[in-house]
Amino acid sequence: MCGIAGLFHFNQQQADASRIKTMTDRIGHRGPDSDGFYVNGPVALGHRRLSIIDLSERSNQPLFDSTGRFAIIFNGEIYNYKEVKSLLGEYPFQTTGDTEVVLAAYQKWGAASLHYLKGMFAFAIADKQTGELFITRDRLGVKPLYYYKDSNVFVFASEIRSILASGLVKREICQEALIDYFSYQSFQSPQTIIKNILELPSGCYIRLSNADFQITNYWNVFDNHGEFGQVDRYEVQKRVKQLLLQSVERRMVSDVPVAAFLSGGIDSSAMVGLMAEVSQAPETFNIAFEEKEFDESEYASLIARKFNTRHHKVLIKPEVFLEELPNALNAMDTPSGDGINTYVVSKAIRQHGIKVALSGVGGDELFVGYPIFRQWETLYRRKGFWKTPQVLRNMISTVFAGNDIRKQRKAQLIRMDECSIAHTYPVLRQVNSDETISKLLRTTVTKTQLFKKLEANQEAIEQFPLLSQLSIAEYMGYTNQTLLKDTDQMSMAHSLEVREPFFDHELIEYVLRVPDEYKKGEVPKSLLIESLGDLIPPTIYNRPKKGFVFPWNQWLRNELKNYCETRIKTLSQREFIHQTAMMNYWEDFLNHRNAVGYSNILMLVSLENYIELHGLG
């Protein structure tokens with residue numbers, strides 16, 4: 001796990017070595033172990049290393065192939081690198097790490113090498129012979145990659161702050177992208193908060209030369225549909241267990257200890273149990289609280305005892321979260337209304353000397369764990385309602401008139417053109433309704449990037465079972481744009497590598513094709529629980545789902561009220577905000593009105609903090 005940055009001048013201008021160093025210094029938190037640079041004519045590459053595999057200096061980057069033709073900077077991990085290496089026996093390897101395997105594979109197969117690689121990654125390879133630059137990102141977008149391009153220069157990096165540090169990009173807010181942010185508390189690919197800085201979509205690569213710039217998609221979450229075949233429930237469960245074990249075993253590859261987050265919920269308990277089956281019992285970390293309504297440490301301790309882990313219960317008091325809020329906001333590479341919890345937990349684990357930890361994040365999206373799955377299924381069963389004439393449905397929607405966000409979203413659902421995943425999911429996932437957004441923003445509310453992507457691929461998505469359609473929408477929406485971004489930026493702020501076994505593409509490809517009836521049961525995530533047999537005790541799954549939530553509603557109205565109010569007042573005076581509406585929105589939150597919750601406020605505080613921190617115009 002590392003940080004990468006690079007420059008490419010189309011006009012053959014000599015790249016500035018000091019500029020690329022400034023860019024990599026700005027993301028030093030991603031790689032505190034070493035740095036390195038490559039400058040060759042118009043190309044400059046920079047790297048910050050967090051040493052996980054092959055800890056020796058010979059694996060420092062940029063790394064060069066045996067001929068000296070190719071140079072690579074790499075962020076991430078290739079979990080099957082030893083398997084790929086066995087296919088490259090003629091190559092004279094000088095290291096025992098995964099980066100050189102990627103380089104050798106590219107030398108042999110070019111872009112086709114991506115189909116051999118299983119892991120999380122973003123990397124760039126410069127070809128000294130042709131002058132071409134190849135840049136790519138993993139299938140599911142676990143690792144970030146941003147870029148800026150004009151007629152003179154191409155700039156890319158693991159983080160937006162690194163691109164801004166180049167001094168080549170105007171610090172201007174992308175006001176069109178604010179519609180996505182106010183809808184989903186995160187910016188939606190390919191747009192970012194900065195005008196003309198874009199995110200490379202997951203599962204894509206760029207080929208760059210003096211004469212050409214081309215983005216190619218090499219994998220999509222909705223590609224692998226087709227007949228599932230006649231397989232009984234037991235065979236499905238057996239295959240899910242095999243794929244889970246394979247995914248966890250791959251993610252145990254490391255030359256430093258691999259620990260695990262252990263909240264005491266189903267997903268993290270599953271991870272720890274699977275780790276114990278494929279390796280020795282891991283070191284586990286549970287964040288405990290004095291407030292019993294938030295504390296799940298007794299369940300984490302139960303799992304730790306079952307699998308004989310080296311368990312740590314880290315007690316965190318509320319004041320720690322209050323003190324860390326400014327630091328967490330400053331650590332955000334892109335504004336978000338979420339992620340602060342991950343920042344605090346990652347810091348606590350890193351302070352114990354841990355560099356790598358497995359997380360259970362992603363289990364809800366794949367195994368039908370969220371209430372949104374039931375909401376989607378219910379709406380779809382009633383899809384005949386949307387054959388009612390539009391004028392009549394518009395009249396019905398007026399029943400929900402008012403300022404309450406939840407009612408406004410119901411009215412949006414009633415008015416939508418059809419009950420498809422493209423129309424339904426973007427509304428179900430909104431944190432603000434279109435009506436509320438139009439009051440807050442001076443920018444005209446248009447279709448979000450999420451809607452456009454789902455609509456463009458709706459035909460392919462509808463080839464999957466109904467519940468899998470929602471899973472796919474989750475991967476394209478909340479998961480890719482919020483959950484994975486927050487996990488990466490908040491853990492890497494502390495130089496902690498988080499690996500997510502539920503985001504294994506082979507596991508996902510299989511489970512998405514599983515018929516809905518195999519996923520339903522008496523408890524949420526039945527397919528996961530049944531596939532693992534007695535690995536997870538009934539005590540863990542026969543209890544209400546808590547989630548990783550703390551009393552932010554209380555804190556933002558009391559201890560953090562002045563902190564938030566100051567920033568919201570400043571934000572309300574920005575040219576793209578309707579000031580009166582914004583302050584009324586804040587008052588709604590303070591007075592428990594109109595379904596304005598803590599996440600609605602944190603996203604505003606995060607946005608203003610980011611604007612101030614980075615001097616955006």
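The values are calculated or read from the model by the stated rules, or taken from the named source; none is laboratory data. All values derive from a computational prediction rather than experimental measurement. Because the Cβ atoms are built from the backbone with ideal geometry, glycine has one as well, and the counts that use them run over all protein chains shown.
Odds and ends about this structure:
- In the condition set (1) in contact with a Gly (Cβ under 7 Å, 6 or more places away or on another chain); (2) closer than 23 Å to F121 by Cα, E172 is compliant with all but (2).
- Counting only residues that are surrounded by fewer than 21 Cβ atoms within 10 Å (Cβ to Cβ), among the hydroxyl-bearing types (S, T, Y) and in contact with a helix residue (DSSP H, G or I) (Cβ under 7 Å, 6 or more places away or on another chain), segment 444-478 holds 1 of them.
- Residue in segment 575-584 that is modelled with pLDDT of 95 or more and either among the hydroxyl-bearing types (S, T, Y) or closer than 30 Å to S301 by Cβ (or both) present: yes
- Residues in segment 6-22 that are surrounded by 12 or more Cβ atoms within 10 Å (Cβ to Cβ) and small (G, A, S): G6, A15, A17.
- Unique residue being among the basic types (K, R) and touching a strand residue (DSSP E or B) at 6+ places or on another chain (Cβ under 7 Å) when the list is K85, K128: K128
- Meets criteria (free of Cβ contacts under 8 Å to residues at least 24 places away in the same chain and of a type in the set (D, E)) for E365: no
- E227 being at negative phi, at pLDDT 95 or above and outside the structural domain of R429 (by TED's automatic domain parsing): no
- Residue match in segment 547-556 (condition: more than 30 Å from K170 (Cα to Cα) and of a type in the set (G, A, S)): yes
- Strands (runs of 3 or more DSSP E) lying entirely in segment 50-154 (those with 1 or more residues that are of a type in the set (A, V, I, L, M), under 25 Å from the mean Cα position of the chain (by Cα) and closer than 27 Å to S491 by Cβ): 70-78, 119-127, 133-137
- Exactly one residue out of A157, A124 is in contact with a Gly (Cβ under 6 Å, 6 or more places away or on another chain), of a type in the set (A, V, I, L, M), in contact (Cβ under 8 Å) with a residue 12 or more places away in the chain and surrounded by 20 or more Cβ atoms within 10 Å (Cβ to Cβ): that is A124.
- Helices (runs of 4 or more DSSP H) within segment 438-535 that include 2 or more residues without any contact (Cβ under 8 Å) to a residue 40 or more places away in the chain: 449-456, 458-461
- Of the criteria (1) touching a residue at least 60 places away in the same chain (Cβ under 8 Å); (2) assigned to a helix (DSSP H, G or I), which one S18 fails: (1)
- Count of residues meeting criterion [surrounded by fewer than 18 Cβ atoms within 10 Å (Cβ to Cβ) and in contact (Cβ under 8 Å) with a residue 40 or more places away in the chain] in segment 221-251: 8
- From the list S301, S297, the one residue that fits, being modelled with pLDDT under 90 and either closer than 25 Å to L604 by Cβ or of a type outside the set (A, V, I, L, M, F, W, C) (or both), is S297.
- Among the residues of segment 369-396, those that are among the charged types (D, E, K, R), over 28 Å from the mean Cα position of the chain (by Cα), loosely packed, with under 15 Cβ neighbours inside 10 Å and assigned to a helix (DSSP H, G or I) comprise R381, K383, K387.
- Filter result for D255 (under 24 Å from K525 (Cα atoms) and of a type outside the set (A, V, I, L, M, F, W, C)): no
- Hits in segment 172-218 (condition: at pLDDT below 95, in a loop (DSSP other than H, G, I, E, B) and not polar (S, T, N, Q)): A211, D212
- Residues that are hydroxyl-bearing (S, T, Y) and within 30 Å of T136 (Cβ to Cβ), drawn from segment 212-267: T216, Y218, S247, S254
- Residue, farthest from A276 (Cα to Cα), within segment 303-362, restricted to residues that are among the charged types (D, E, K, R) and in a loop (DSSP other than H, G, I, E, B): D333
- Any hit, segment 110-122, residues being within 17 Å of P62 (Cβ to Cβ), in the same structural domain as P201 (by TED's automatic domain parsing) and among the hydroxyl-bearing types (S, T, Y): no
- Those residues of segment 582-617 which are assigned to a loop (DSSP other than H, G, I, E, B), of a type in the set (D, E, K, R) and in contact with a helix residue (DSSP H, G or I) (Cβ under 6 Å, 6 or more places away or on another chain), in sequence order: none
- Of the listed requirements (1) aliphatic (A, V, I, L, M); (2) farther than 22 Å from T479 by Cβ; (3) touching a residue at least 40 places away in the same chain (Cβ under 8 Å), M583 misses just one: (3).
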